[in-house]
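Asker: Structure below; questions to follow.
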Amino acid sequence: MAVRGRSLLAVATAIISALSLQGCVLDGSLDQFLDSPGIQPPSRRSTPSAAELDAPKVFRRATPAISTVISSFDSEGQATAIGTGFAVGDGQQVVTNAHVVTDTFNPEDEASEIYLQREDGTRVKAEVAGIDYHADIAVLDAEETMTDWPLEFAKQRPETGDPVMAIGSPLGMTYTMSVGYITGVDRAIGGLAGFKVYGALQTDAVIAPGNSGGPLLNSGGQVVGVNSQMLSIGGGGEGLGFALPASVVSRSVKYLSKYERVPYAYLGASGKALWRGAGDSGELPDRPGVLVGEVREGSPAFEVGLRGGTGRIVVQGSDFRVGGDLIIALDDHKLDWNEPLGEALLRYNPGDRVVITYIRDGERKRINVQLAERPLIWPSLAEVFGA
């Protein structure tokens, strides 16, 4: 989260979620905030040393590449948002969160001026080179090289229990270090443009407003994630921190270094993934898949006639829209228990054709559909604040 003079989407979303967990329930149900185990990626082949992270050493190595991102949305050029960024590649390319350099409620409006403040207090002007709204990642071009020691993305995913370090400018306090652990992996968190980001890392390292865009580092000083959100009661420093995984961020940086956009395939059907045992009552199918609840008008799913739900039931505490199709496979990939459709679609690019296998009224069907480009769906004020 960035420090701003006005509310941020990330802050508002966190507060709404926190209030819901306290009992101030949205739509009469906590089900929308309930996490599921998800699909775990394969375990890494090698295991790092069990030794704890050497905090002073990692901090000293990393700080030359880290800067405070100062954004202005003010007509007079005064700072109105503060976040964190870090240099990668040639040392002139800086990664941060998109919400640090874009307007909260109109993300396509970029900051009029951006400065990167080094550890010694000097400031370098920068401009936006590219934005991946779906991953909440922005790549900045600094007017001069920020460091000769840019940070590198970790190639191996971290695991629960791994020690990590967050560095940033929480509440404007530059170069603040917080050490903790990976407390969860493969989380799905809210994105900036209406779609979830999968594979997020959960950490107890303190992430507060101003940490947004800063690196989450492993014991080797490599970037395992980009600190982006915190779910807390009252919006304070206590709670659960979330970082975008290195795999997602590095993909964004790779594309934005060469192209104007990052490709994301879009089907236009949304629904709930079934978990093992959800069909025990006989009210839901007893097999893995995604029960389609809604089909967006004009989408590829709509054009080929996929069907959304027409009624509602509650099963094992979760609300389902029923009566729609059950998607069980994309091409030869069979959906697993708890596997979200959005995560399965990450295997594809816009324009790809995919054969969807689904169950309708007990009958197995297949249909060929051409995927489109994900739209940008900005949340309304009502959606952000739960009005």
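The values are calculated or read from the model by the stated rules, or taken from the named source; none is laboratory data. Fair warning: this is a prediction, and the values are worked out from it, not measured in the lab. We place every Cβ from the backbone using ideal geometry, glycine too, and count neighbours over all the protein chains shown.
Asker: Scan region 257-266 and tell me whether some residue there is aromatic (F, W, Y) and either surrounded by 21 or more Cβ atoms within 10 Å (Cβ to Cβ) or farther than 30 Å from A372 by Cβ (or both).
Answerer: Checked against the condition, which is being aromatic (F, W, Y) and either surrounded by 21 or more Cβ atoms within 10 Å (Cβ to Cβ) or farther than 30 Å from A372 by Cβ (or both), region 257-266 yields at least one hit.
Asker: Let me ask something else about it. For region 276-283, indicate whether the set of residues that are more than 30 Å from Q117 (Cβ to Cβ) and in contact with a Phe, Trp or Tyr (Cβ under 7 Å, 6 or more places away or on another chain) is non-empty.
Answerer: First, the residues of region 276-283 that are more than 30 Å from Q117 (Cβ to Cβ): 276-283.
Right, trim to in contact with a Phe, Trp or Tyr (Cβ under 7 Å, 6 or more places away or on another chain) and you get 276.
Within region 276-283, one or more residues are more than 30 Å from Q117 (Cβ to Cβ) and in contact with a Phe, Trp or Tyr (Cβ under 7 Å, 6 or more places away or on another chain).
Asker: Within region 254-308, how many residues are under 30 Å from I137 (Cβ atoms) and among the charged types (D, E, K, R)? Break it down into steps so the answer makes sense when it comes.
Answerer: Here is the first cut: in region 254-308, the residues under 30 Å from I137 (Cβ atoms) are 254-273, 290, 292-302.
Applying the additional criterion that residues be among the charged types (D, E, K, R) yields 254, 258, 260-261, 272, 294, 296-297.
Result for region 254-308: 8.
Asker: Mind listing whichever residues of region 353-382 are modelled with pLDDT of 95 or more and either aliphatic (A, V, I, L, M) or in contact with a Cys (Cβ under 7 Å, 6 or more places away or on another chain) (or both)?
Answerer: V354, V355, I356, I359, I367, V369, L371, A372
Asker: Which residue out of V197, V206 is of a type in the set (V, I, T), touching a residue at least 60 places away in the same chain (Cβ under 8 Å) and closer than 25 Å to D103 by Cα?
Answerer: Details: V206 fails: touching a residue at least 60 places away in the same chain (Cβ under 8 Å).
Of V197, V206, the one residue that is of a type in the set (V, I, T), touching a residue at least 60 places away in the same chain (Cβ under 8 Å) and closer than 25 Å to D103 by Cα is V197.
Asker: Hey, another quick one. Which of the residues belonging to region 127-170 are part of a loop (DSSP other than H, G, I, E, B) and more than 21 Å from P64 (Cα to Cα)? First the steps, then the outcome.
Answerer: As a first pass, look at region 127-170 and keep what is part of a loop (DSSP other than H, G, I, E, B): 133-136, 143-152, 154-162, 169.
Residues satisfying the conditions are Y133, H134, A135, D136, K155, Q156, R157, P158, E159, T160, G161, D162.
Asker: Show me the helices (runs of 4 or more DSSP H) found entirely inside region 1-110 where at least 3 residues are modelled with pLDDT of 50 or more and surrounded by fewer than 20 Cβ atoms within 10 Å (Cβ to Cβ). Before you say what the answer is, go through the steps one by one.
Answerer: On the way: elements: 9-22, 55-62, 98-101.
Fully inside region 1-110 and qualifying: 55-62.
Asker: For region 154-186, give me the residue count where each residue is basic (K, R) and either at pLDDT 95 or above or surrounded by fewer than 20 Cβ atoms within 10 Å (Cβ to Cβ) (or both). It would help to see each step written out before you state the result.
Answerer: First, the residues of region 154-186 that are basic (K, R): 155, 157.
Adding the requirement that they be either at pLDDT 95 or above or surrounded by fewer than 20 Cβ atoms within 10 Å (Cβ to Cβ) (or both) leaves 155.
Residues flagged as basic (K, R) and either at pLDDT 95 or above or surrounded by fewer than 20 Cβ atoms within 10 Å (Cβ to Cβ) (or both) within region 154-186 amount to 1.
Asker: Additional query: Residues V354, V322: which one is under 26 Å from the mean Cα position of the chain (by Cα) and farther than 29 Å from T102 by Cβ?
Answerer: Values: V322 fails: under 26 Å from the mean Cα position of the chain (by Cα).
Of V354, V322, the one residue that is under 26 Å from the mean Cα position of the chain (by Cα) and farther than 29 Å from T102 by Cβ is V354.
Asker: While we're here: Taking the conditions exactly as written (assigned by TED's automatic domain parsing to the domain that holds P215, farther than 19 Å from Q370 by Cα and modelled with pLDDT under 95), does G279 satisfy them or not? Working first, answer last.
Answerer: Numbers: assigned by TED's automatic domain parsing to the domain that holds P215: no; farther than 19 Å from Q370 by Cα: yes; modelled with pLDDT under 95: yes.
No: the conditions fail for G279.
Asker: Next question. Only one of L274, L217 is closer than 26 Å to S71 by Cα and either at pLDDT 90 or above or of a type in the set (F, W, Y) (or both); which? Even if it seems obvious, please write down each step before you answer.
Answerer: Numbers: L274 fails: closer than 26 Å to S71 by Cα.
From the options L274, L217, the qualifying one is L217.
Asker: Please find, among G194, G121, the residue that is outside the structural domain of S247 (by TED's automatic domain parsing), in a loop (DSSP other than H, G, I, E, B) and at positive phi. Can you show your working first?
Answerer: On the way: G194 fails: outside the structural domain of S247 (by TED's automatic domain parsing).
Being outside the structural domain of S247 (by TED's automatic domain parsing), in a loop (DSSP other than H, G, I, E, B) and at positive phi holds for just one of G194, G121, which is G121.
Asker: Same structure again: Answer with yes or no whether L371 is under 25 Å from R251 (Cα atoms) and either in contact with a helix residue (DSSP H, G or I) (Cβ under 9 Å, 6 or more places away or on another chain) or free of Cβ contacts under 8 Å to residues at least 40 places away in the same chain (or both). Give the steps one after another, and end with the answer.
Answerer: Details: under 25 Å from R251 (Cα atoms): yes; either in contact with a helix residue (DSSP H, G or I) (Cβ under 9 Å, 6 or more places away or on another chain) or free of Cβ contacts under 8 Å to residues at least 40 places away in the same chain (or both): yes.
Criteria met by L371.
Asker: Residue under question is A135, and the condition is that it be of a type in the set (G, A, S), farther than 30 Å from L345 by Cβ and crowded, with 21+ Cβ neighbours inside 10 Å; does it hold?
Answerer: Numbers: of a type in the set (G, A, S): yes; farther than 30 Å from L345 by Cβ: no; crowded, with 21+ Cβ neighbours inside 10 Å: yes.
Judged against the criteria, A135 is not a match.
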